[in-house]
Amino acid sequence: MKHWDHLGDAPIPGTGKSLSLFRGKDDFFIRISSGGGELMSTRKHGSEDALGALPCRKLRNAASARVLIGGLGMGFTLAAVLKEVGAGAEVTVAELIPEVVDWNRGPLGERTGYPLNDPRTRVHIGDVVRLLRSKRNHYDVIALDVDNGPEGLTLPSNDRLYSESGIAIAQQALRPGGILAYWSAGPDQAFHDRLRRCGFMVEEITVYAHGNKGARHTVWLAS
């Protein structure tokens, strides 16, 4: 039987739920309270890497790109973006839960190379929707991983990001030719169609969580 050390808890604002961080012999994982299972793990992050890398590889000028990541998680998406963009880039990560930022500055940072310490990184503690509303024609890439997919799991209000009005808010914050990327635990044809109705060309990519095995997650690239 595996032994896990409980490193801390973080309340999810606006809910009675919390996130809990655990460390085992070889990895970390975060679990959601109220009977929830493993939400994310340092062993299985292939799709988080893809969410950061794939849209940045499509940019004509990644050297000075402005990128927004919605949801820090364990930092893998941020680390993947930083590998793809240049010295003149600016990468903002919006995270609602301050303790998640602390965990990434602390024990989790070793697994990702401490991307929060990169001089190109900016941290916004708060609601990513409010940040998006404050920007117009600003970002070259917006990569959103704030929940389990088009249906909010950790925070019901996250659903708005996947609505047509939420997509429109993100669209307005993109520069011309920019790319909007979404992570999901699985495919969702209704959301795919919603992106197309909002005027995007949509590429749906299936990515394994761990190498070429395990759970298969979905990344949408909308341009």
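Among the residues of the stretch 63-83, how many are in contact with a Phe, Trp or Tyr (Cβ under 6 Å, 6 or more places away or on another chain) and either open to solvent by 10 Å² or more (accessible area, probe 1.4 Å) or within 15 Å of ASP27 (Cα to Cα) (or both)?
The initial filter retains those residues of the stretch 63-83 that are in contact with a Phe, Trp or Tyr (Cβ under 6 Å, 6 or more places away or on another chain), namely 66, 68.
Checking which are either open to solvent by 10 Å² or more (accessible area, probe 1.4 Å) or within 15 Å of ASP27 (Cα to Cα) (or both) leaves us with 66.
Summing the residues that are in contact with a Phe, Trp or Tyr (Cβ under 6 Å, 6 or more places away or on another chain) and either open to solvent by 10 Å² or more (accessible area, probe 1.4 Å) or within 15 Å of ASP27 (Cα to Cα) (or both) in the stretch 63-83 gives 1.
Six or more apart or on different chains, Cβ under 9 Å: which pairs go from a residue in the stretch 192-212 that's over 18 Å from GLY177 (Cβ atoms) and acidic (Asp, Glu) to one that's part of a loop (DSSP other than H, G, I, E, B) and open to solvent by 70 Å² or more (accessible area, probe 1.4 Å)? Could you list them?
Every condition considered, the pairs that remain are GLU204/PRO187.
Can you name every residue in the stretch 46-62 that is open to solvent by less than 50 Å² (accessible area, probe 1.4 Å) and either touching a Cys at 6+ places or on another chain (Cβ under 8 Å) or at pLDDT below 95 (or both)?
Within the stretch 46-62, GLY46, SER47, ALA62 qualify.
Every residue in the stretch 104-140 that is crowded, with 17+ Cβ neighbours inside 10 Å, in contact (Cβ under 8 Å) with a residue 60 or more places away in the chain and in contact with a Phe, Trp or Tyr (Cβ under 8 Å, 6 or more places away or on another chain), please.
Once the filter is applied, which keeps residues that are crowded, with 17+ Cβ neighbours inside 10 Å, in contact (Cβ under 8 Å) with a residue 60 or more places away in the chain and in contact with a Phe, Trp or Tyr (Cβ under 8 Å, 6 or more places away or on another chain), the stretch 104-140 yields LEU108, ARG111.
Can you name every residue in the stretch 172-213 that is part of a strand (DSSP E or B) and either farther than 28 Å from THR42 by Cβ or open to solvent by 60 Å² or more (accessible area, probe 1.4 Å) (or both)? Break it down into steps so the answer makes sense when it comes.
Step one: list which residues in the stretch 172-213 are part of a strand (DSSP E or B), which gives 174-184, 202-210, 213.
Within the stretch 172-213, LEU174, ARG175, PRO176, GLY177, GLY178, VAL202, GLU203, GLU204, THR206, TYR208, HIS210, LYS213 qualify.
Considering only residues that are farther than 18 Å from SER184 by Cβ and open to solvent by less than 20 Å² (accessible area, probe 1.4 Å), which ones fall in the stretch 21-45?
Restricting attention to the stretch 21-45, the residues satisfying the condition of being farther than 18 Å from SER184 by Cβ are 21-29, 31, 33-35, 42-43.
Across the stretch 21-45, the qualifying residues are LEU21, GLY24, ASP27, PHE28, PHE29, THR42.
Return yes when THR92 is buried (at least 18 other Cβ atoms within 10 Å of the Cβ), more than 23 Å from ALA170 (Cα to Cα), touching a residue at least 12 places away in the same chain (Cβ under 8 Å) and out of contact with any Pro (no Cβ under 9 Å at 6 or more places or on another chain) and no when it is not.
Values: buried (at least 18 other Cβ atoms within 10 Å of the Cβ): yes; more than 23 Å from ALA170 (Cα to Cα): no; touching a residue at least 12 places away in the same chain (Cβ under 8 Å): yes; out of contact with any Pro (no Cβ under 9 Å at 6 or more places or on another chain): yes.
Taking the combined requirement at face value, the residue does not satisfy it.
Could you grab me the full set of residues in the stretch 138-154 that are of a type outside the set (Ser, Thr, Tyr) and modelled with pLDDT under 95? Reasoning before the result, please.
As a first pass, look at the stretch 138-154 and keep what is of a type outside the set (Ser, Thr, Tyr): 138, 140-153.
Passing the criteria: ASP145, VAL146, ASP147, ASN148, GLY149, PRO150, GLU151, GLY152, LEU153.
The values are calculated or read from the model by the stated rules, or taken from the named source; none is laboratory data. Worth saying up front: this structure is predicted, and the values here are computed from it rather than measured. Reconstructed Cβ throughout: ideal geometry from the backbone, glycine too, with neighbour counts over all protein chains shown. Please note that ligands, DNA and RNA were not included when accessible areas were found on the heavy atoms of the full protein model with its side chains. Shrake-Rupley method; radii C 1.70, N 1.55, O 1.52, S 1.80 Å.
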